[in-house]
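Written out below as structure tokens is the structure these notes cover.
The values are calculated or read from the model by the stated rules, or taken from the named source; none is laboratory data. Note that the structure is a prediction, hence the values are computed from the model and not measured. Because the Cβ atoms are built from the backbone with ideal geometry, glycine has one as well, and the counts that use them run over all protein chains shown. These accessible areas exclude ligands, DNA and RNA; they are computed on the full protein's heavy atoms, side chains included. Shrake-Rupley method; radii C 1.70, N 1.55, O 1.52, S 1.80 Å.
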Amino acid sequence: LYRLAARPCPLPWQFPPLPYGNFLKEIMTEVSSGSSGRQSSKGMHGAANDGEVLHSTLAQDELSGAASSIIINIMQRQIPEDVESMSDNKSGFETGTGCAEGRDDVTIESTQKDTLGLRYADVPKRGGVVQDTDFSVAEISEITDPTAMVPCMQIDVPRPMDITLSTVIDIEVGSLPNSAEVLTDAKRKAYARTNLQAGIQALEKEEYDRAAAHFATGRKHLGENGWKVDKAIMLELCSEGAKAYYKTGDIDVMNELIGDILRRDIPLKEKFIAYEYKMLAEQAEGNYNESISLGLDVLRQLGLSAPKNKKFSTLEVLVGYLRTNRALGKRTAEELLCLPKMTDEVASMGLRISELMLTSCYQAQPTMFVMLVFMMVRETLNNGISASSIDAFVSYGVILCGVFRETRRGRELAKAGELLLASSVLPERQSRVAFASQGLVYHWSMPLRDTLAPLLEGHRVGIEYADIESTGLNLSFYVDHTFYSGCCLEGEEVSRMIQLHIGLQNDARTVTTSKSQTNYISSELLVQNYLLAVKKLRGIEVEENEQNFHNVLEIATKTGNQTLKAYVYTLLLELSVFFGEWEEGMAILQKTDDVRTALLGSFGEVRFTISEALISIKAAQISSSTMSSFKWSRRAWKSLNLVRGWSKKGNVNVHHSMYLLNAEFAALRGKKRMAGNCFTSAIGIARNRAFLQDLALSHELASGFYQKIGDDSNKEFHLQQAVKCYSEWGATSKVDQLVNLKT
């Protein structure tokens, strides 16, 4: 019945000890006596260590009932400890040959070790080799490798075939072994590994709830002492589980898994994924300073230089810019794409942590954001490009446009990030690049409305790949650009904006039900600001349970979200301008610092500057003291120069506003003719570029100017046009104000 496979003379340590031989003989004796002399039968299909999956597969085999029950009983017995210890010292094989009836050599695929059972879906005549197993129950043979262990009965090994994970793993989510089954450590490992593979497969299919359930089941298989049973599998189950729970929005469970990993005395490299998702969780809950501190700590553990967590001075920023600009030179986007790949693992990990810190720094420490981007760009130039270099290049483009007015160079760097994204085949990063490039770079040199479709696409891709942060930011910039581009407040774009906001609120409620903080707080509040502005312009009352500007400011202050606070002040100034509430606008400017740093690169920075200039000019006109008038005039002049600089650099979205500010400033200085010409230019450009709200404002301010100089004809004409334009825009409340003023 038995034939030993041919093998060369093995080394002494390759022979199994006597207890193992007796254990094998027991198997062979019972199988032969139970099989009634059959010459051939179907083997057992398995993908586990020591027969734990035989229960669900023997029904498909052609073994006799007696032989099946005998094998199950034997495989469930306690294998001698010396057998397990010896199997743990055996290495896997790569290729080999086998003897079978009718052929001499059979090539098989690589695996780790061998055991009794089938390797693939087709069934060999007797025995076989199973993939990803821990030990075998047989003698040494050359079927696979001189050091491998295979069943020594007559074997017909199947030919290799292309096999996918789905053919190996077909387990019920959350399924546990029979409570009556005695689980050895080997079985625990096998069950856990099976669930780990199933969870990874579910992650790839974006089935995050299913993946989380698989990883949780795998940890249950390993038990309370899972880290001792198999540290490597437990680490993967916790790390991948943290990722799955982050995707589902269950931050509480994710934090438990991350905490379990970080408490272990294991190398930083093995904890790295846990640190990544810990930082993302802190950002999702609005704990930006905590996320920054954690990132800086990881950089120090890696032995890399890290910036200080502080507000950097203008001089420090300028020095960092000069160093980075010198290192970058005049490289084009295509030349940056040709940089070598980053091979330094520590540098790559450091760049990834810096990338994760960017969002928190932008929200809470804007000057640190700038310094961090400088470091990332220089690191890429020194050590090569990685996936994190995409963010480095695009963010540097944001700084060039928003701080140094180098719009053309900024677009080139953003293009470099987009080219790198295309060459890296990383579709899950498309949403992140979309909000950075369209929301913070391209509006400096292209019409604002042209960014709406790409931002909407970025929002869709973010939902598809469960990129929570980028999904919200794309929506925020979409709403921002929709409002400022002059779209009708009752039109299709604003209706879409409201529908997306409702979807965002529903997502937030879904996340909240998992007993975790919502990942959408910051984005939802940003969108809420614009909806509040739309309601005020349309004369709709804010509901009692609805957030108002004061509530949003409180949340922004509590969480340290400087960007959210800056957006609130920007919209309040905008509304002060539209409703002619100049005193309220003056009060806001007096109690706030320069928020442009917190709005770095966004169109909100542009609108804040325009509103600041208009309010400062009006404040200079109505100020009672000469000194106060001089201070407001100087502030207006500085803001006006910024707008002129942007216009000169080709920002097509500010040309009409520049002429409007020139008209108001000329009127302040008594230059009537110049003021009239500038009003005419502002009105013409705003009409041509469809900035409906700015067209209405230009007519209204022109009407006020002509009223002061006693030109009643032009006053009435521009007032009528202002009412008409505000009506087309949908600002019902503003129309009522002008009609009442007229009567």
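Of all residues in the stretch 274-286, at least one satisfies being in a loop (DSSP other than H, G, I, E, B), within 22 Å of Glu355 (Cα to Cα) and under 19 Å from the mean Cα position of the chain (by Cα). Scanning the stretch 217-243 for residues that are in contact with an Asp or Glu (Cβ under 7 Å, 6 or more places away or on another chain), within 14 Å of Arg263 (Cα to Cα) and crowded, with 22+ Cβ neighbours inside 10 Å yields a count of 1.
Taken together, the residues in the stretch 374-398 that are assigned to a loop (DSSP other than H, G, I, E, B) and touching a strand residue (DSSP E or B) at 6+ places or on another chain (Cβ under 8 Å) amount to 2. Restricting attention to the stretch 568-625, the residues that are within 17 Å of Leu526 (Cβ to Cβ) and of a type in the set (Phe, Trp, Tyr) add up to 3. When Gly670, Gly684 are screened for being more than 27 Å from Ala533 (Cβ to Cβ) and surrounded by fewer than 16 Cβ atoms within 10 Å (Cβ to Cβ), only Gly670 passes. Is it fair to say Lys247 is modelled with pLDDT under 90, closer than 25 Å to Gln283 by Cα, within 19 Å of the chain's Cα centre (by Cα) and open to solvent by 30 Å² or more (accessible area, probe 1.4 Å)? Criteria met by Lys247. Tallying residues that are of a type in the set (Phe, Trp, Tyr) and open to solvent by 30 Å² or more (accessible area, probe 1.4 Å) within the stretch 204-216 yields 1. When you look at Glu290, is it surrounded by fewer than 18 Cβ atoms within 10 Å (Cβ to Cβ) and part of a helix (DSSP H, G or I), yes or no? So Glu290 fails the test.
Pull up the stretch 543-575, narrow it to residues that are of a type in the set (Asp, Glu) and farther than 21 Å from Lys618 by Cβ, then point me to the one that is modelled with the lowest pLDDT.
If we take residues in the stretch 543-575 being of a type in the set (Asp, Glu) and farther than 21 Å from Lys618 by Cβ, then Glu544 is modelled with the lowest pLDDT.
Among the residues of the stretch 461-478, are any surrounded by fewer than 22 Cβ atoms within 10 Å (Cβ to Cβ), more than 18 Å from the chain's Cα centre (by Cα) and free of Cβ contacts under 8 Å to residues at least 12 places away in the same chain? No, that holds for no residue. Of the helices (runs of 4 or more DSSP H) contained entirely in the stretch 559-663, those carrying at least 3 residues that are farther than 30 Å from Val394 by Cα and within 36 Å of the chain's Cα centre (by Cα) fall at 582-591.
For Arg689, the criteria (1) under 17 Å from Cys487 (Cβ atoms); (2) crowded, with 21+ Cβ neighbours inside 10 Å; (3) of a type outside the set (A, V, I, L, M, F, W, C) hold in every case but one, which is (2). Residues in the stretch 194-225 that are among the small types (Gly, Ala, Ser) and more than 25 Å from the chain's Cα centre (by Cα): Gly218, Gly223.
Applying the condition of being within 27 Å of Ala731 (Cβ to Cβ) and among the charged types (D, E, K, R) to the stretch 580-594 and asking which residue is modelled with the lowest pLDDT yields Lys591.
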